[in-house]
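Colleague: Take this structure, written in structure tokens, and hold onto it; I'll ask about it next.
Bear in mind these aren't lab numbers, they're just calculated from the coordinates by the rules spelled out. None of the values given here were measured: they were computed from a predicted structure. Positions of Cβ are backbone-derived with ideal geometry, glycine not excepted, and every protein chain shown enters the neighbour counts.
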């Protein structure tokens with residue numbers, strides 16, 4: 001019997017380490033013949049901490065929402081009674097289908113299954129087979145295979161991967177670089193982190209294949225310093241791969257040599273942009289420059305450089321093993337393969353999923369994600385983070401492919417998918433994203449540096465009830481200017497969250513502007529809290545909880561809020577017992 | 001700003017003061033473009049990057065002081081001011097935002113009596129925000145010295161801070 005404990009960042013945050021240590025100690029003390037090992041994120045973050053009980057005949061029982069005692073209870077039950085404990089059981093199935101209905105796993109095929117710190121686990125699950133295979137092909141043949149697969153950049157732009165590889169390969173300068181972009185900066189996106197934490201070798205293998213195809217001898221993984229666990233597991237993986245001859249000089253006895261180093265990003269969202277990333281690697285402030293020349297022509301230290309995103313590279317070994325056609329068989333006409341998404345926000349089953357391109361947003365949100373928390377009304381889904389947009393309920397049947405998503409005004413992005421319900425204010429969301437991009441603007445070009453600031457000021461005024469007529473037109477004019485004249489993708493896409501919310505939720509903006517009301521009850525300045533005298537029983541709970549001491553009334557007297565003094569913190573609404581529901585917000 | 005990047009430093013005394021950094025600088029000195037790793041290692045050693053330290057790095061790596069200052073202030077990771085014993089990072093990710101992180105922020109600033117980016121006078125707590133901690137399923141979430149807490153309520157956040165403070169004050173009261 002093997003016990004696997006989910007120890008991705010989310011699992012650890014939810015208490016996975018305590019479970020691992022507790023089980024480990026008990027197994028050791030009681031001398032049970034059970035193996036216990038860590039694994040990455042299986043994607044069911046809403047059920048963390050999770051453990052898997054893998055029986056000798058291969059059946060896997062997955063349990064969720066555990067604590068150390070419950071976990072021990074489960075293990076004992078399996079050991080003594082030979083049957084699963086139904087109470088915390090999430091799924092029971094074979095390895096191919098672990099409660100992941102509706103999903104197709106290519107990039108994430110091993111996440112949450114193997115021990116990410118064990119190269120043997122990786123090799124045992126067909127790891128490094130693709131590299132071996134590639135070494136018997138010519139670099140041109142490898143590029144053709146990737147071309148056949150239709151793989152495109154998963155970082156957001158969706159640029160064909162083979163094209164980048166070939167462009168870098170064709171440069172005449174002999175020294176070339178491969179860079180893995182692991183500077184995942186979109187708030188609400190954690191695909192790359194989970195991949196690096198759950199299956200680091202697959203990224204190394206993908207990078208090595210890319211290096212072979214383009215003729216590079218050096219690779220750099222640019223990873224956020226905020227991902228300490230991913231860095232640790234990458235370091236372990238690189239050392240193991242070097243020791244086993246999958247990296248280093250004369251890989252697997254061939255003339256091909258390749259080494260990988262890790263460089264830590266220092267926290268700048270703009271460094272996800274290729275030229276800014278290179279500037280940062282060279283020890284400069286991460287500021288983008290004009291393209292062309294593209295990094296494939298003049299990249300790191302002015303030399304040809306190929307930059308791919310983590311998820312893109314993680315798809316490569318699978319494509320080589322199964323053939324480009326198998327990958328291209330999934331998805332739509334123009335968008336091939338699968339895409340990993342991080343589901344978060346007001347969704348029941350938040351976590352990491354991988355779905356074939358062409359699936360509808362509705363299927364993702366309702367079938368895989370289980371629908372909206374507390375069965376509230378779906379309002380919008382935000383795709384593509386600060387560069388993306390909000391897609392409303394009317395467009396829920398939009399299918400996930402680069403073109404269809406783009407038509408809505410949003411972008412596919414790197415894979416963050418935030419679900420919003422009726423209690424989310426779309427003006428506030430636009431303000432939130434503009435605040436983010438304005439903060440992260442590197443300041444090099446004027447449209448982005450000053451334009452986002454002006455847009456943010458207008459949005460802040462609208463949310464504060466100080467909007468003026470013509471604000472929406474001003475927002476649109478600014479957005480058009482910033483989009484067309486910013487230097488890099490950050491600025492060019494920064495207005496998207498505002499434009500999409502203006503397009504689909506204009507009445508909500510107008511309510512803020514004209515009626516000075518926030519229909520979703522989020523914008524504090526526009527709210528009024530009052531107590532319904534018919535419902536108030538005078539329990540004094542709200543009186544006691546009011547930090548501004550602006551609620552008057554004694555026991556069994558109707559309470560009254562002094563509107564002049566009210567700071568709109570919402571404490572009274574929160575503490576008013578549901579049986580009374582006397583506090584009303586408008 | 002207390003200091004200026006052009007402030008003159010006595011090279012001799014700064015050398016001995018930053019002795020622990022010697023090995024790191026020696027390791028990276030010959031490697032072009034290694035300013036960021038050096039700053040990262042220096043911050044690991046000292047907890048933050050005071051201006052004299054930045055100037056010392058500039059001298060040793062033969063880079064202009066203004067350039068080092070520019071890089072150190074560009075990236076969110078680098079701190080020019082010391083941090084408290086407990087670094088409270090409040091997640092400002094989208095999932096946390098839609099799940100009410102602003103109310104957690106209000107509770108934390110009220111409880112600690114400081115704003116985001118500040119340190120309490122007793123140097124126990126520094127309150128800061130993070131773009132996204134990546135624990136979106138625990139939203140709203142905060143991280144204190146690497147440990148994540150979530151899903152939070154305003155009262156839960158206050159309670160966590162109070163518990164840490166009580167524990168710390170208990171420690172300080174113990175006989176040595």
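Colleague: Would you mind classifying chain A by shape? Square roots of the alpha carbon gyration tensor eigenvalues, ordered a ≥ b ≥ c; an a/c under 1.5 is rounded, otherwise it is prolate if a/b is larger than b/c and oblate if not. Mind showing how you got there, number by number?
Modeller: Values: a/c = 2.23, a/b = 1.29, b/c = 1.73.
Oblate is the answer for chain A, as a/c is 1.5 or above yet b/c matches or exceeds a/b.
Colleague: Where does each of A:237-244, B:25-32, A:279-286 land if you order them by average Cβ count within 10 Å, highest first? Provide the component values of the computation, followed by the final result.
Modeller: Values: A:237-244: 18.1, B:25-32: 12.5, A:279-286: 21.6.
Packing proxy ranking, top to bottom: A:279-286, A:237-244, B:25-32.
Colleague: Let me ask you something else. For segment B:17-176, take the alpha-carbon Rg, divide it by the Kirkwood Rh, and send me Rg/Rh.
Modeller: Numbers: Rg = 18.5 Å, Rh = 17.5 Å.
Using only Cα positions, Rg/Rh for segment B:17-176 is 1.06.
Colleague: Separation between the residue B:30 and residue A:80 pseudo-spin-labels, each 7 Å from Cα along Cα→Cβ, expressed in nm?
Modeller: So the two model labels end up 6.4 nm from each other.
Colleague: Sort A:427-436, A:513-522 for me by packing, meaning the mean count of neighbouring Cβ atoms within 10 Å per residue, highest on top. Can you show the working numbers first?
Modeller: On the way: A:427-436: 24.8, A:513-522: 17.2.
So the order, starting with the most tightly packed, is A:427-436, A:513-522.
Colleague: Once both labels are modelled 7 Å past Cα along the beta-carbon direction, what's the residue A:586-residue A:397 spacing in nm?
Modeller: Computed distance between label sites residue A:586 and residue A:397 equals 3.9 nm.
Colleague: I would also like to ask the following. Share of antiparallel DSSP beta bridges in segment A:338-421, in percent to the nearest 5? Could you put the intermediate results ahead of the total?
Modeller: On the way: 17 of 21 bridges.
Antiparallel bridges: around 80 percent, rounded to the nearest 5.
Colleague: Which of rounded, prolate or oblate describes segment A:2-93 when judged by the alpha-carbon gyration tensor and an a/c cut-off of 1.5?
Modeller: Numbers: a/c = 1.59, a/b = 1.21, b/c = 1.31.
It comes out oblate by the Cα gyration axes.
Colleague: I want the antiparallel fraction of DSSP beta bridges within chain A, as a percent rounded to 5. Could you put the intermediate results ahead of the total?
Modeller: Numbers: 37 of 64 bridges.
In chain A, DSSP labels about 60 percent of beta bridges as antiparallel.
Colleague: For chain A, take the longest principal axis of its alpha carbons; what is the angle in degrees between that and the long axis of helix A:16-29, to the nearest 10 within 0 to 90?
Modeller: 60 degrees
Colleague: Another question, if that's okay. For a footprinting-style exposure proxy, rank A:275, A:468, A:500 by other Cβ within 10 Å, fewest first. Present the calculation step by step, with values, prior to reporting the outcome.
Modeller: Working: A:275 23, A:468 10, A:500 26.
In increasing order of surrounding Cβ atoms, one gets A:468, A:275, A:500.
Colleague: Gain in length, residue A:24 to residue A:92, computed as 0.36 nm per residue apart minus the alpha-carbon separation, to one decimal in nm?
Modeller: 22.2 nm
Colleague: Okay, moving on. What angle do you read, to the nearest 10 degrees and between 0 and 90, between the alpha-carbon axis of helix A:161-170 and the longest principal axis of chain A?
Modeller: Between helix and principal axis, roughly 50 degrees.
Colleague: Over all residues in B:73-79, what is the mean tally of Cβ atoms on other chains that come within 10 Å of each residue's Cβ?
Modeller: 6
Colleague: Could you work out how far apart the two model spin labels at residue B:23 and residue A:461 are, taking each label as a point 7 Å from the Cα in the direction of the beta carbon, and quote it in nm?
Modeller: Between residue B:23 and residue A:461, the simple spin-label model gives 5.8 nm.
Colleague: Further question on the same structure: If packing is taken as the mean number of other Cβ atoms within 10 Å per residue, what is the order of A:411-422, A:11-22, A:446-457, highest first? It would help to have the intermediate numbers written out before the result.
Modeller: On the way: A:411-422: 25.2, A:11-22: 21.4, A:446-457: 18.8.
Final packing ranking: A:411-422, A:11-22, A:446-457.
Colleague: Oh, and also: Measure nothing fancy, just the Cα-based angle from helix A:446-463's long axis to the longest principal axis of chain A, in degrees from 0 to 90, nearest 10.
Modeller: That helix lies at roughly 40 degrees to the long axis.
Colleague: I've got another one for you. Compute and list, largest first, the equivalent-ellipsoid semi-axes of segment B:86-173 from the alpha carbon gyration tensor, each √(5λ) rounded to a whole angstrom.
Modeller: Values: eigenvalues 94, 31, 26 Å².
Values for segment B:86-173, descending: 22, 12, 11 Å.
Colleague: Just checking the output field for A:279-286: average partner chain Cβ neighbours within 10 Å of each residue's Cβ?
Modeller: On the way: counts 1, 5, 3, 5, 15, 7, 8, 4.
So the per-residue partner count for this stretch is 6.
Colleague: Where both partners of a DSSP beta bridge lie in segment A:119-327, what percent of those bridges are antiparallel, to the nearest 5? Walk me through the numbers before you get to the answer.
Modeller: Details: 2 of 20 bridges.
Of those bridges, close to 10 percent are antiparallel.
Colleague: Which ordering of A:535, A:349 is given by a fewest-first count of other beta-carbon atoms within 10 Å?
Modeller: On the way: A:535 14, A:349 18.
In order of increasing Cβ crowding within 10 Å: A:535, A:349.
Colleague: Apply the a/c threshold of 1.5 to the C-alpha gyration tensor of segment A:119-327 and tell me whether it is rounded, prolate or oblate. Show your work: numbers first, answer last.
Modeller: Values: a/c = 1.44, a/b = 1.17, b/c = 1.23.
Because its axes are fairly even, with a/c under 1.5, segment A:119-327 counts as rounded.
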